[in-house]
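Since the structure comes first, as structure tokens, the remarks are kept for the end.
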Amino acid sequence: MLEIIYQDDYLVAINKPHGLLVHQSPIARDADEFAIQLLRDQLLKKVYPVHRIDRKTSGVLLFAFDKEINKSLTEQLTLKTVEKIYHAIIRGYTPDELFIDYPLYKDNGVLQEAQTRIRTLDRAEINIPSGKHSSSRYSFIEAAPITGRMHQIRKHLAHIFHPIIGDRPHGCNKQNKIWLEKFEMNTMLLHAHKMVFTHPVTEERITLIANPQTEFRRAYEILAFGKEIPVICSDKN
């Protein structure tokens, strides 16, 4: 059963687990389960995805129950009035705050503007050598994408040499190997934590929050970050 974090007569949101595709894709023919199908079967009604998140990413995934509601919400995304916050565990120590303005190419070769705001929530160091370094350093960050390009956060963090742990192909092979061999973990540590939007019918400002999945929590505990990992329920502002 998918974890439903919000539902009314018009919308439903789930906490998508790592590894689940939103819908069928020709580039992932190995998959036989999809969020759209599972949610439709669970609720016994048709659902329309308002947005998409990567297969390897967990967290908030919003659906509409009809096409008009879906259209209204996608327009909010286009107008950049939807706030999205991701959490990630990444290699190295990042600055307290950082604005990344780095264009990204689409599959067809078209270059698109792309901006992401980064805020460091905590830092940790463990006594495991990595390459020429005697220890491994990590940051727990909040990433707010201003634009919505494919793999934007993953590519932006790789661009500043602070890739997400468990990311392939944009991550660090040495770190990914450490986490696989030392901790038996190959999950990409990126989580869609929060989404804020205006309800297309009630016009209330809605805040959806998805609690981190098991493997993300385990990595957080392994690194013993000083702050307790955020665990909050979805609500309305």
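The values are calculated or read from the model by the stated rules, or taken from the named source; none is laboratory data. What you see is a predicted model, and the numbers here were worked out from it, not measured in a lab. Every residue, glycine as well, gets a Cβ built from its backbone with ideal geometry; the counts of neighbours run over all protein chains shown.
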Which numbered condition in (1) part of a strand (DSSP E or B); (2) closer than 14 Å to Leu223 by Cα is the only one that Tyr93 fails? (1)
Can you tell me which residue in segment 208-222 is nearest to Ile69 (Cα to Cα), limited to those that are buried (at least 16 other Cβ atoms within 10 Å of the Cβ) and of a type in the set (S, T, N, Q)? Asn211
May I ask you to say which residue of Lys155, Lys182 is of a type outside the set (A, V, I, L, M, F, W, C), under 25 Å from Glu83 (Cα atoms) and assigned to a helix (DSSP H, G or I)? Lys155
Which members of segment 156-169 meet the condition of being modelled with pLDDT of 95 or more and either surrounded by fewer than 22 Cβ atoms within 10 Å (Cβ to Cβ) or under 15 Å from Ile222 (Cα atoms) (or both)? Ala158, His159, Ile160, Phe161, Ile165, Gly166
Quick one: count up the residues across segment 148-191 that are among the basic types (Lys, Arg), over 17 Å from Ile126 (Cα atoms) and in contact with a strand residue (DSSP E or B) (Cβ under 8 Å, 6 or more places away or on another chain). 3
Note: among Asp66, Asp101, Asp107, Asp122, just one is among the acidic types (Asp, Glu) and in contact with a Ser or Thr (Cβ under 8 Å, 6 or more places away or on another chain), namely Asp122
Please enumerate the residues belonging to segment 108-138 that are farther than 19 Å from Cys172 by Cβ and within 21 Å of the chain's Cα centre (by Cα). Gln112, Glu113, Ala114, Gln115, Arg117, Arg119, Leu121, Asp122
Could you run through segment 185-207 and say how many residues are part of a strand (DSSP E or B), aliphatic (A, V, I, L, M) and either at pLDDT below 95 or closer than 18 Å to Ile118 by Cα (or both)? 4
Does Arg123 satisfy the condition of being in contact with a Gly (Cβ under 7 Å, 6 or more places away or on another chain) and assigned to a strand (DSSP E or B)? no
Restricting attention to segment 81-103, does a residue exist that is acidic (Asp, Glu), in contact (Cβ under 8 Å) with a residue 40 or more places away in the chain and surrounded by fewer than 19 Cβ atoms within 10 Å (Cβ to Cβ)? yes
Selection within segment 110-135 - modelled with pLDDT of 95 or more and hydroxyl-bearing (Ser, Thr, Tyr): Thr116, Thr120
Quickly run through segment 19-44 and pick out the residues that are in a loop (DSSP other than H, G, I, E, B) and modelled with pLDDT of 95 or more. Leu44
Kindly evaluate Ile100 against the criterion of being over 18 Å from Ile209 (Cα atoms) and either in a loop (DSSP other than H, G, I, E, B) or out of contact with any Asp or Glu (no Cβ under 9 Å at 6 or more places or on another chain) (or both). yes
